[in-house]
Amino acid sequence: MKVQYKNYEIEVTKEKCLAGYDMIFYSIFNEGGFEVTSSFTESEDTIKSIVEDCKEIVDDFILHPEDYE
């Protein structure tokens, strides 16, 4: 799932990892192509809930960009 949120692109996908089980991968980029964060999780959370978590990261990044340097 790819969404735009406050000029940031959030992408969250659920795919099989090399070990053969499902993992959730996510990334956040600003409009200039700067990667705010990207990672993965073995969480059983839904993709939509991870997107909401990523939106919170974007909000925090906007308020405190120095924490992401």
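The values are calculated or read from the model by the stated rules, or taken from the named source; none is laboratory data. Please read these numbers as outputs of a predicted model, since none were measured by experiment. Please note: Cβ atoms are built from the backbone with ideal geometry, for glycine as well, and neighbour counts cover all protein chains shown.
Could you list, in sequence order, the residues of the stretch 13-26 that are assigned to a strand (DSSP E or B) and over 11 Å from the mean Cα position of the chain (by Cα)?
So the first thing to find is which residues in the stretch 13-26 are assigned to a strand (DSSP E or B), and the list is 13-16, 22-26.
The answer is Lys14, Glu15, Lys16, Asp22, Met23.
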Give the residues of the stretch 13-37 that are within 16 Å of Lys2 (Cα to Cα) and either touching an Asp or Glu at 6+ places or on another chain (Cβ under 9 Å) or among the aromatic types (Phe, Trp, Tyr) (or both), sorted by residue number.
Lys14, Glu15, Ile24, Phe25, Tyr26, Ser27, Ile28, Phe29, Asn30, Glu31
State which residue pairs qualify: first residue of a type in the set (Gly, Ala, Ser) and inside the stretch 15-29, second residue part of a strand (DSSP E or B) in any location, beta carbons under 6 Å apart, and separation of 6 or more residues or different chains.
Ser27/Glu11; Ser27/Ser38
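Here's the yes/no breakdown for (1) surrounded by 15 or more Cβ atoms within 10 Å (Cβ to Cβ); (2) not in a strand (DSSP E or B):
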residue: Ile10; (1), (2): yes, no
residue: Ile28; (1), (2): yes, no
residue: Gly32; (1), (2): no, yes
residue: Ser39; (1), (2): no, no
residue: Ser49; (1), (2): no, yes
residue: Cys54; (1), (2): yes, yes
residue: Val58; (1), (2): yes, yes
residue: Phe61; (1), (2): yes, yes
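Quick one: which of Ile57, Ile50, Ile24, Ile28 is touching a Lys or Arg at 6+ places or on another chain (Cβ under 7 Å) and among the β-branched types (Val, Ile, Thr)? Walk me through how you get there before you give the answer.
Values: Ile57 fails: touching a Lys or Arg at 6+ places or on another chain (Cβ under 7 Å); Ile50 fails: touching a Lys or Arg at 6+ places or on another chain (Cβ under 7 Å); Ile28 fails: touching a Lys or Arg at 6+ places or on another chain (Cβ under 7 Å).
Result: Ile24 is the single residue among Ile57, Ile50, Ile24, Ile28 that is touching a Lys or Arg at 6+ places or on another chain (Cβ under 7 Å) and among the β-branched types (Val, Ile, Thr).
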Of residues in the stretch 15-42 being modelled with pLDDT of 95 or more and in contact with a helix residue (DSSP H, G or I) (Cβ under 9 Å, 6 or more places away or on another chain), the one nearest to Asp60 (Cα to Cα):
Ile28
